[in-house]
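The values are calculated or read from the model by the stated rules, or taken from the named source; none is laboratory data. All figures in this text were calculated on a predicted structure; none of them were measured in a lab. Glycine also receives a Cβ, built like all others from the backbone with ideal geometry; neighbour counts cover every protein chain displayed. In case anyone asks, the SASA skips ligands and DNA or RNA and just uses the protein heavy atoms, side chains included. Shrake-Rupley method; radii C 1.70, N 1.55, O 1.52, S 1.80 Å.
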Amino acid sequence: MNEEKILETTAEYVKQKLRNVDSGHDWWHIQRVWNYTKAILKEERANSFTCQLAAILHDIADHKFHAGDENIGAETATDFLAEIQVPQPITDEVKNIIQHISFTKSFDKQSYFSPELAVVQDADRLDAIGAIGIARAFTYGGFRNQEIHNPETFFKESFNKEAYKQARNSTLHHFYDKLLKVKDKMNTKTGKRLAENRHEFLKTYLNQFFEEWEGLI
Ligand code: ADP
Ligand code: NI
């Protein structure tokens, strides 16, 4: 198979696999991250084929929905790529990207870096902010039965990895926990630039939210 056919076959496999996934990790999230990856690649230097494959496969099995098994995504992707005979060095890199892309990991010391991880991680992070990031946060919040906001438990700084995993706070809390921090965590120059507008939108949204909450407007 040529590269284009491999990408097409992989996308079809992922689309089928995520058919019933009802969260922020459905096929449309994958398609957006794939598109952002291509946009970033227009300006950044990294292996395009590897980045695209990793973008398509990065959420193939979310450990949050698989009893906390952190490796299941990377293993599922590796098995699939072996089946369609993708060269080993590319498969190895895709595996590394999947293992290190998650936001939760950024609490740990960065243990792995590659230009390809930098691009795909930026693409995934873009989808967590802006109008779409807000939609995804409240969808996730509804799924977890979270309150939208609770002034009694609201605080702006979060703590550590375990607390983050277990946090059952409001969805608005998640904005301060994660979304507003994303901009400064972007890896590439292009990613940073693309994050700016989305970040400003988050701030505008929060201002309006609090004004409405207080009955000021
Ligand atoms: P990733 O897989 O990129 O590390 P997650 O799986 O943690 O990210 O999150 C997927 C989506 O759900 C993101 O848009 C994220 O902002 C949102 N999300 C994660 N945790 C929460 C939470 N506690 N409250 C609201 N939204 C959340
Ligand atoms: Ni993702």
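Structure summary
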item: Selection count, the stretch 3-39, where residues are open to solvent by less than 30 Å² (accessible area, probe 1.4 Å) and more than 16 Å from ligand 1 (Cβ to nearest atom); result: 4
item: Search result, residues across the stretch 18-46 that are small (G, A, S) and assigned to a loop (DSSP other than H, G, I, E, B); result: S23, G24, A46
item: Residue ID - surrounded by the most Cβ atoms within 10 Å (Cβ to Cβ), chosen from residues in the stretch 40-56 that are more than 27 Å from G141 (Cβ to Cβ) and within 16 Å of ligand 2 (Cβ to nearest atom); result: A54
item: Scan of the stretch 78-92 for residues that are closer than 16 Å to A55 by Cα and open to solvent by 30 Å² or more (accessible area, probe 1.4 Å), ordered by number; result: T78, I90, D92
